[in-house]
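So the structure is just underneath, and the comments pick up after that.
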Amino acid sequence: MSELRMVELSAATIVAVNNLSLKPGQEQFLAPVSYGIAATVINPATSWQRVVLDGDAVVGFVSANFDAEAPEEHFRSVLWRINVDADDQGRGVGRFAVEQLVDEARERGFDHVNVIYEAGDDGPEAFFLRVGFTPVGETEYGEVIASIRVAA
């Protein structure tokens with residue numbers, strides 16, 4: 001793996017992001033990428049979307065939102081989605097993306113980042129726990145709310 005870097009989602013990377021592959025069973029835990037990309041149009045001031053590159057290859061995508069005025073606390077600093085191409089999972093791409101997200105949260109003055117996910121055997125819970133998220137609650141729909149603290 002060459003050095004990972006993160007860039008803003010752009011016209012040059014959006015097709016590759018939409019073509020990221022998943023491992024069997026993961027699709028049930030992830031809405032289409034286009035749903036996450038639409039957030040930028042709806043809320044450009046608070047939306048944060050980045051593409052993870054390994055050299056020139058798109059290997060991941062992360063979408064988050066930072067809105068101190070959001071009515072629900074768990075939506076104020078939240079990771080909406082993280083995709084790592086099936087062939088690149090297990091190589092540190094997701095951890096790198098979460099580290100970059102935590103750095104962004106710190107720069108924006110937040111002390112934590114939340115993530116909301118559906119529990120399940122093939123779901124993202126093991127990944128989120130490995131990179132430092134801790135379950136802190138549940139949504140009214142039974143999804144897990146987990147949080148990672150942002151060090152000062």
Residues of region 76-90 being surrounded by 15 or more Cβ atoms within 10 Å (Cβ to Cβ) and more than 13 Å from ARG50 (Cβ to Cβ), which ones?
ARG76, SER77, VAL78, ASP85, ASP88, GLN89
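Listed here are the residues, each with its yes/no results for (1) charged (D, E, K, R); (2) more than 23 Å from ARG95 (Cβ to Cβ); (3) at pLDDT 90 or above.
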| residue | (1), (2), (3) |
| --- | --- |
| GLU8 | yes, no, yes |
| VAL17 | no, no, no |
| THR40 | no, yes, no |
| PRO44 | no, yes, no |
| ARG50 | yes, no, yes |
| VAL78 | no, no, yes |
Residues within region 137-152 that are among the polar types (S, T, N, Q) and either outside any strand (DSSP E or B) or more than 19 Å from ASP103 (Cβ to Cβ) (or both), tallied
1
Of all residues in region 49-101, how many are hydroxyl-bearing (Ser, Thr, Tyr) and assigned to a loop (DSSP other than H, G, I, E, B)?
0
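Among the listed residues ASP67, ASP103, identify the single one that is of a type in the set (Asp, Glu) and either more than 15 Å from the chain's Cα centre (by Cα) or more than 19 Å from TRP48 (Cβ to Cβ) (or both). Talk me through it step by step, then tell me what you get.
Values: ASP103 fails: either more than 15 Å from the chain's Cα centre (by Cα) or more than 19 Å from TRP48 (Cβ to Cβ) (or both).
Step by step, each of ASP67, ASP103 is checked, and only ASP67 is of a type in the set (Asp, Glu) and either more than 15 Å from the chain's Cα centre (by Cα) or more than 19 Å from TRP48 (Cβ to Cβ) (or both).
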Within the group VAL131, VAL102, which residue is modelled with pLDDT of 95 or more, within 23 Å of VAL58 (Cα to Cα), in contact with a Lys or Arg (Cβ under 6 Å, 6 or more places away or on another chain) and not aromatic (Phe, Trp, Tyr)?
VAL131
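The values are calculated or read from the model by the stated rules, or taken from the named source; none is laboratory data. Since the structure is predicted, the reported quantities are computational estimates derived from the model, not experimental observations. Note: ideal-geometry Cβ built from the backbone for every residue, glycine included; neighbour counts use all protein chains shown.
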